[in-house]
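I have placed the structure first, in the form of structure tokens, so that the comments after it can refer back to it.
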Amino acid sequence: MEKEKLHVAMFPWLAYGHLMPFLEVATFLARKGHRISFISTLKNLQNLPQNLPPSITLVELPLPRVHGLPDSAESTSELPHNMFPYLKKAYDMLEPAVAEFLVNSDVNWVIQDVMSFWLPQKARQLGVKSAFFSIFSATSLAFIGPPSLLIDGQARAKTAEDLTVVPQWVTYPTKVAFRLHEVMNEEDFVDSNSNMSVFERLGRSIQGCDIVAIRTCSEFEAKPLSLLKKFYTRPVVPVGLLPPQNKSRHEGDGRWGELKQWFALRLGDSRKAGPSSSIPSGFESRVSGRGLVWVGWVPQLDILAHPSIGGFLTHCGWSSVIEALGQGLRPRADGKANGREAGRVGSAKGRPGRVVHE
């Protein structure tokens, strides 16, 4: 008898580093014959690749207006870091709209992100199962701590220096920790007056869900996964690295055409993608003729797959590490915990390939 096909709702956080991994999961499930309702705001949905499987339905929800949040902003890429709290507030205000969608649909499962801590309880009230999908590595989750400590604040560091040593709850041998310069500006890592830190959102999301799915594999993170199963007291499922498929992902996308032309010509491109306060004054003129400065989101996977690429200067976010590994770029980074763990595993396995420096 044919296995039951599910209707799965997906509700990622309003950041492209979350939207794109969620879309990879949606595409994977759709190819298995399941129906997907991918929920986000209009601008974010418009920026997704257009060549999606027909069983993926994009569900648009208007983002509630919040005082202090620019009317045009619907993702973290459009905001400075100090304005993220306004976006979180608007995201939380989507709860009634998401609940209404679940009530009026035949959804069997909802896959949530770290920010929507309120979603598991709402889903349970409606008889819908919930899964927390982590775009963070198992190593990072183990370092952060058990949900109970995240919720009551005991897992939060008192100072930035506290994060430069392996925490006491990590019982397997490891030297992976943060360096001081990596956490000095991360206010969510240390005590603050925030009513709901990212740490607490994470803890409540995990405690409320039915299963935890992590974008990793046992071959890569066996010890952290084993520890998380003890922490979470619910199924912890490594879903694989889910390396994005870059074939025709951006067909018809003018951004990739322009970037690819620059690689082919290997010349500086004087075209500007737009002003940005994040680029120092005079930076573009100083590097003119020596490269291309692109402001905003770019098709990173297509860039990494290009034969002209021989190195990758990266912040070592987990998704970037996965994309680099998928293109044969063996991390030998000495930056954030993800980069150091990837470098450790890559070196231990003796994998050849181009080198990723952080």
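The values are calculated or read from the model by the stated rules, or taken from the named source; none is laboratory data. On a predicted model such as this, the values are computed, not experimentally measured, just so you know. No Cβ is skipped: glycine too gets one built from the backbone with ideal geometry, and neighbour counts run over all protein chains shown.
Taking the conditions (1) at pLDDT 95 or above; (2) in contact with a Pro (Cβ under 9 Å, 6 or more places away or on another chain) in turn, Trp109 satisfies each one other than (2). Taken together, the residues in segment 42-63 that are modelled with pLDDT of 95 or more, assigned to a loop (DSSP other than H, G, I, E, B) and within 15 Å of Trp13 (Cα to Cα) amount to 3.
Residues in segment 212-238 that are among the hydrophobic types (A, V, I, L, M, F, W, C) and surrounded by 17 or more Cβ atoms within 10 Å (Cβ to Cβ): Val212, Ala213, Ile214, Phe220, Leu225, Leu227, Leu228, Phe231, Val236. With a requirement of 1 or more residues that are free of Cβ contacts under 8 Å to residues at least 60 places away in the same chain and in contact with a helix residue (DSSP H, G or I) (Cβ under 6 Å, 6 or more places away or on another chain), the helices (runs of 4 or more DSSP H) lying completely within segment 99-161 that satisfy it span 119-125, 147-152.
Only one entry in Thr76, Thr27 is more than 19 Å from Phe132 (Cα to Cα) and among the β-branched types (Val, Ile, Thr), namely Thr76.
Within segment 100-134, restricting attention to residues that are more than 24 Å from Arg234 (Cα to Cα) and in contact with a Leu (Cβ under 9 Å, 6 or more places away or on another chain), the residue that is surrounded by the fewest Cβ atoms within 10 Å (Cβ to Cβ) is Val103. Considering each residue of segment 213-232, count those that are over 18 Å from the mean Cα position of the chain (by Cα), under 24 Å from Pro120 (Cα atoms) and at pLDDT below 95, and give that number. Result for segment 213-232: 0.
Scanning segment 4-19 for residues that are more than 12 Å from Asp113 (Cα to Cα) and touching a residue at least 12 places away in the same chain (Cβ under 8 Å) yields a total of 5. So for segment 64-76 (the condition being on the phi < 0 side of the Ramachandran plot, assigned to a helix (DSSP H, G or I) and out of contact with any Lys or Arg (no Cβ under 6 Å at 6 or more places or on another chain)), does at least one residue qualify? Yes.
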